[in-house]
Structure formats: structure tokens, C-alpha cells
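Nothing in this text is a laboratory measurement; each read-out follows from the coordinates by a stated rule. Keep in mind that what you see is a predicted model, and the values were worked out from it rather than measured. Cβ atoms come from the backbone with ideal geometry, glycine included; neighbour counts cover every protein chain shown.
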Amino acid sequence: MGFAHTVGLRYLRARRGFVSVVTGFSFVGIALGVAALIVVMAVMAGFRAELLDRILGTTGHAQLTMPVLTAEKAEQIRIEALDTVGINSAVPYVSGQAMIASNRKALGGLVRAVSGDDLRANKLINDNIIAGSLQGFGVPGQSPKIVLGKTLAQQLGVYVGDSISLMSSQGTHTIMGFVPRMMRAEVVAIFEVGMYQYDNALMFLPVDVAQSFYKIGELVTAIEVMVDKPAAIKTYLPQLQSLVDPTGHVITWVEGNRQFFEALKVERVAMFIILTLIVIVAAFNIITGQMMTVNDKKRDVAILRTMGADRGDILRLFFFSGFWVGLIGTFIGVVLGFVVIWQLHPIVSFIEGLTGARLFSGEAYFLSQLPAKIVPEEMITIVVVSLLLSMLASLYPAYKATKLDPVEALRNE
């Protein structure tokens, strides 16, 4: 370790009084700022990733639609799609809205009708069945079966084996008034994907049952497509567009959720800027502490200059003294941030138990649990920004130290 490092660390350890208090604030400010940045950016990255997985796992990467799409035409498109490189699955489905009622309550919901094989192949649903089974779903010749989200089932007060009533906004006008179309279905399974909007409103029916319920004959709503690389969905557009007629349309997940994910992106940038201000304030504390140190060490600087130290040595001495504050504070902040992420759920549970308030409500935040995902690039950016601010904050006091006149400093002593 060189002369500048050695003396700089000695000055850092030897501070007393208000100078040490300011230095302590610098340590704490940088550590808290870095930790807050790491935790918030990890939570927002995890939120985006989890939300994207839920949305894409339930609604697919692209939707192929046509003004008139029959089941026969949909099957032809499906076969062609599966023969196309990069496309993993193509699922025809029927969607619509319906009122679902039990002996306890009536609620509105979204019907999504697929074949039994396609629903069992949907890992997001099949891997998150918490009651019942999908084995009896979509079997020809059986009475209508339905699969509900956990929250929807809880609100209705139904369980596996219970029967519910489905009512459509379409119906028949009679002399007694309008009579909505109704159907009874047996609950065979309940799922929980962890996204409140799906668990609270989504229900699955077999395609043939939905076609009969909505009186649409052999028509389907659209074809849901899954690809190898959803992030590069735009590169698949020519292939997908070739699968439908000129009157057809391809809607990608990017188009369907553009505003939502753009809002998340803007929020991430805004949070990064706001939380970086904490580190900037701590950097100003470094400037204050180092300026006080320079003023306190005038005599030492004068002696070092008379012993042969040049202005570059003095510059490096005070620069490294301030930079070590930022370096140690950043290291503590990184460790603290990773510990908080590691114990995020217990910390949230503890705060909720302490305050009696629910910090992460699925009704407001889409997901039922607070997610976190460490993105190496973001973590590196946070560390680099913190160290860069510490370096910049250390330069001015170090520069002022080189301007001290050793003769004048010794005379004043």
C-alpha cells in the first residue's frame, strides 16, 4: 500500500468530534442509499418478470384472429403453425364474459374455453392446481365441467364437486321479459397462479361447451400462439401473418400490454433517479467531512510538503481518504441490500404483523406476493454510480488541500 493510501486511511481512522460524526453520516447515507436502490430495483425487476410470466402463461405470446374463424380453419392454422420453426404451440380458444352464481353469491367473470388436452398442457394452470384435477376436464360425453380461480371459488363459496350456474348476457325475449341463457357446470378443479386478476375472475370451460353456451356454432374466438423467444416476438410477425388470411390480424403480447409495461419502465427509471438522490446527499457529506479534515490537517499537510511530498501526493492522500468512505459505504449497502432481498418475505410478514396493515395487496398490485429478482447489470450500475459519486465528491476537498501554503500553515500554528 502506497504513501497516499496509508496516510489517507490513518486520517480516516483518527477523526474525532464533529468530523467523525459527518463521516459516520456519509457511511450510513451511502449504505442506505445503495441498499434501497438494490432492494427497490430488484423488487421492480421481479414484479415485471413475474407479471410477464403470468400474462404470457395465460394469454400467450400472440393471438391470431380473423373475422370468421371456424374450428376447422383454426385446426388447419394450428397444424401449419406447429410446422413453423420457433412456434411451440397454437391453441384455438373461445372467450367471453359470463355471470357465475352459487347458492351464496353471483359474480362476473371471464370465460376461456380450450380443449382438455390444451389446458392440461398449460403449465401455468396445470402446475398450480390446488384442489381437484384436470383429468375429467373436456372429456366428450360428460356433463359440463368448469375450472375456477382460487379467489373466485372462495368468494362463491364453492369447492370441487359443487355445481354452479353460468348466465350469459344473451338470451331470449319472452312475454315475461328477457330470460338470460343459463347453464349448470360442475367444478372439477381450482387453480392459483398468484395473479389476483386471474385468480379472481378467470374460469375455464371445454370448447364445445362454450360454443353451445354462447350459441356460436363451430366458431372460435382466436388462436393463441407460444414461441421460443417471446422477447423477440416481432421477428415472428411475418411467419404469424402468413398463417392467417389477408383479413386476419396478429396481436402480440407487446401490443396488448404496451401501455402497462411502458408505465412500469417509466416507474423504474423514476425510482432509480429518486433513490440516487440519497447517495448524492451522502456524497455531499463526504465533501463536508473532507473539507473539515483538510482544515484540521493543515499543519500535517505543511509538514508533509516540507518533507518532500508534492501536490500530487497530497491530492491522492485526501482523495483516497474520501474514496474509502464511499467504497466501504457501498460495500455495506450491497451486503445490506442482498440480505433484505434474501429475507424479503419474512420482513414483509413481520411489518404486516407489527402494523396490522397489508403491505402488498393482490387487488392493487396484480400479484399476491412481493417478488424480487436480481439483475446483475442493474446491480453493477448501482455500485458504479455510487463509487463514481464518491470519487467526484472526494476530488474537490483533495484539490483544495493541494492549494495550502505550507509556510502560511506553519506560521498560523
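Charges at C-beta only: +1 for Lys and Arg, -1 for Asp and Glu. How large is the resulting dipole of the range 34-135 about its Cα centre, in Debye rounded to 20?
Values: 9 positive and 9 negative charges, 102 e Å.
The dipole of the range 34-135 has a size of about 500 debye.
Could you work out the Rg to Rh ratio of the range 67-247, with Rh taken as the Kirkwood radius (inverse of the mean 1/r over all Cα pairs)? The partial results should precede the final answer.
Details: Rg = 17.4 Å, Rh = 17.4 Å.
Reported Rg/Rh, Kirkwood definition of Rh: 1.00.
K400: which lysines have alpha carbons under 17 Å from its alpha carbon, excluding same-chain residues fewer than 8 sequence positions away?
Straight-distance partners of K400: K297, K298.
Using the structure shown, list the pairs from K150/K373; K105/K145; K150/K265; K150/K229; K105/K215 with a Cα-Cα distance above 24 Å, or answer none. Write out the running numbers ahead of the final one.
Working: K150/K373 26 Å; K105/K145 19 Å; K150/K265 30 Å; K150/K229 30 Å; K105/K215 26 Å.
Beyond 24 Å: K150/K373; K150/K265; K150/K229; K105/K215.
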